[in-house]
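The values are calculated or read from the model by the stated rules, or taken from the named source; none is laboratory data. Since we're looking at a predicted model, the values are computed, not measured. Glycine also receives a Cβ, built like all others from the backbone with ideal geometry; neighbour counts cover every protein chain displayed. Surface accessibility is based on the protein's heavy atoms, side chains included, excluding ligands, DNA and RNA. Shrake-Rupley method; radii C 1.70, N 1.55, O 1.52, S 1.80 Å.
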Amino acid sequence: SRDGEFVEALSAQLESRGLRLFVSGKVIDAQVGSGSWMDAIGTAISSSRAMLVVATSAALESEWVAKEWSLFYQQIEATGRGALVTLRVGVGLGNLPETLRTRQVLEAKRGVPLSPVITRLLALVRGV
């Protein structure tokens, strides 16, 4: 999918700059809806200092994406630590859920170099 290709390119660039990533769709190739899927996501989220939500039209319609960022947001609220950053790709700011809209939001455009966005992302997540 276009989203998958975009996330793979973004992930490769972030990893090449030293970030350790957990990309749920890439790492967990188990059956959707299983307890093991949610356990694996929960474990990854609980050990993460930051979460990047790549907000595309498809991602914003996904119940699973919403569960993932909601779980991380709850962790931030409980601990007072963590960075929840949203990267808008082809969606307007008004299309984001309020929780995402009121946190750090960046924008990327398909077909445009990601270098400036990656530089800003690195500054945000390395400061956590």
Query raised in the report: Dipole of the chain (Lys/Arg Cβ +1, Asp/Glu Cβ -1, origin at the Cα centre): which of Phe6, Ser62, Ser16 lies farthest to the positive side?
Result: Ser16
Query raised in the report: What whole-number value in Å² describes the accessible area per residue of segment 28-128 for a 1.4 Å probe?
Result: 55
**Report entry** Carbon + sulfur, % of accessible area of the chain - ligands and nucleic acids excluded, 1.4 Å
**Finding:** 50
Query raised in the report: Given H placed 1.01 Å from N in the peptide plane, which residues other than close sequence neighbours of Leu106 have an amide H under 5 Å from its amide H?
Result: Thr86, Leu87, Arg88
Query raised in the report: For the chain, what is the relative contact order in percent, using Cα pairs closer than 8 Å and at least 6 residues apart in sequence?
Result: 23
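Which value at 222 nm does the chain reach when only helices count, each DSSP H run of 4 or more adding -39,500 (n - 2.57), with the total divided by all residues and rounded to the nearest 500 deg cm²/dmol?
Calculated mean residue ellipticity at 222 nm is -15500 deg cm²/dmol.
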Report summary line: In order over segment 63-76: 3J(HN,Hα) from phi, Karplus 6.51/-1.76/1.60, θ = phi - 60°, whole Hz, x for each Gly or Pro, gives 4, 5, 4, 4, 5, 5, 6, 5, 4, 5, 4, 4, 5, 4
Report summary line: Given backbone amide H placed at 1.01 Å from N, residues whose amide H is under 5 Å from that of Met51, ignoring those fewer than 5 places away on the same chain, are Ala83, Leu84, Val85
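In what sequence, highest mean first, do 83-92, 114-123 appear when ranked by Cβ atoms within 10 angstrom?
Most protected by this proxy first, the peptides run 83-92, 114-123.
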Query raised in the report: Over all distinct Cα pairs, what is the inverse of the mean 1/r for the chain, reported as the Kirkwood hydrodynamic radius in Å?
Result: 15.1
